[in-house]
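The values are calculated or read from the model by the stated rules, or taken from the named source; none is laboratory data. Because the structure is a prediction, the values reported are computed rather than measured. Every residue, glycine as well, gets a Cβ built from its backbone with ideal geometry; the counts of neighbours run over all protein chains shown. Each accessible area value is taken on the protein alone, full model and side chains, heavy atoms only, with ligands, DNA and RNA left out. Shrake-Rupley method; radii C 1.70, N 1.55, O 1.52, S 1.80 Å.
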Amino acid sequence: MSIKSNKRVGRPVGTVDLDMNSVYQASLNVFADKGFDATTMTEIALAAGITRSSINYHFGNKMELWKKTIDYLTQRFIKDFELTKKLNTDLDDISFMKVIIRQMVNFWAIEEGFCRLALKEMDQKNERSDYFIEHMMYPLVNLTKDVFGRLRKQGEIKKFDKQHQLSIILGMISYLFANRYMFEKLHGVDVLDQSIIDQHTDAVIDIFFNGIRL
């Protein structure tokens, strides 16, 4: 991956001047491309268009920046979820979950680096995978726990074990974006094209709900 910077490298940037969203996006993309061990703080600083001293000043070390990047993604999704929930209070639970799945698919598409980052971290037990599970997966799963609980209790959906339910829905949502190049080679499509994202969303909703509805 060629890392380019559009900003002039100079003195450390203060909190007021620093665009933290840009830093986290740069961090996400570099970590996703290279993996944690191969990534350097200098590469992230270059990708973000700031100085290495600014990165050090705000985060101290690579692990802290990695954790803050995960927190950034988690809070972004939760913020979008809460807005979606607020704007769809009149929907029944099934309809609401379909809306949430659309949000999830688009989030995974927009943050396709997140899929690659997750794949790099979730196949081993270490400090990063534990942090990822505790600070991202637990909070995100808890967002829809009550909805799925009501649907099971009401007999609307099959009572799959929760781990199977989670693996089915996350697998269907993320696989396309985590393997972007493969689908481009196999089918000649850009999986980040909005029409493909919408088609994928429709397929996930149809397969998931028609497969688990009683």
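Numbers below:
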| quantity | calculated |
| --- | --- |
| Options Met122, Met137; residue that is hydrophobic (A, V, I, L, M, F, W, C), out of contact with any helix residue (DSSP H, G or I) (no Cβ under 7 Å at 6 or more places or on another chain), within 26 Å of Gly211 (Cβ to Cβ) and open to solvent by 40 Å² or more (accessible area, probe 1.4 Å) | Met137 |
| Where Arg128 falls short, out of the listed (1) closer than 29 Å to His200 by Cα; (2) in contact with a helix residue (DSSP H, G or I) (Cβ under 6 Å, 6 or more places away or on another chain) | (1) |
| Top-ranked residue in the range 33-64 [being closer than 17 Å to Ile133 by Cα and of a type outside the set (Phe, Trp, Tyr); ranked as surrounded by the most Cβ atoms within 10 Å (Cβ to Cβ)] | Met63 |
| Segments classed as helices (runs of 4 or more DSSP H), wholly inside the range 129-214, with at least 2 members that are at pLDDT 90 or above and closer than 30 Å to Gly35 by Cβ | 138-143, 162-178, 180-187, 194-212 |
| Gly149 surrounded by fewer than 19 Cβ atoms within 10 Å (Cβ to Cβ), more than 15 Å from the chain's Cα centre (by Cα), over 20 Å from Phe81 (Cα atoms) and of a type in the set (Gly, Ala, Ser) | no |
| Residue list for the range 153-165, restricted to those being surrounded by 16 or more Cβ atoms within 10 Å (Cβ to Cβ) and either closer than 17 Å to Glu111 by Cα or free of Cβ contacts under 8 Å to residues at least 60 places away in the same chain (or both) | Ile157, Gln165 |
| The lone exception for Asp146 - which of (1) acidic (Asp, Glu); (2) closer than 30 Å to Met63 by Cβ; (3) without any contact (Cβ under 8 Å) to a residue 60 or more places away in the chain it fails | (2) |
| Odd one out for Asp93 among (1) modelled with pLDDT of 90 or more; (2) under 13 Å from the mean Cα position of the chain (by Cα); (3) of a type in the set (Asp, Glu) | (2) |
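Rundown of residues vs (1) closer than 30 Å to Leu151 by Cβ; (2) part of a helix (DSSP H, G or I), yes/no style:
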site: Ile50; (1), (2): no, no
site: Met63; (1), (2): no, yes
site: Lys68; (1), (2): no, yes
site: Tyr72; (1), (2): no, yes
site: Arg76; (1), (2): yes, yes
site: Lys79; (1), (2): yes, yes
site: Ile94; (1), (2): yes, yes
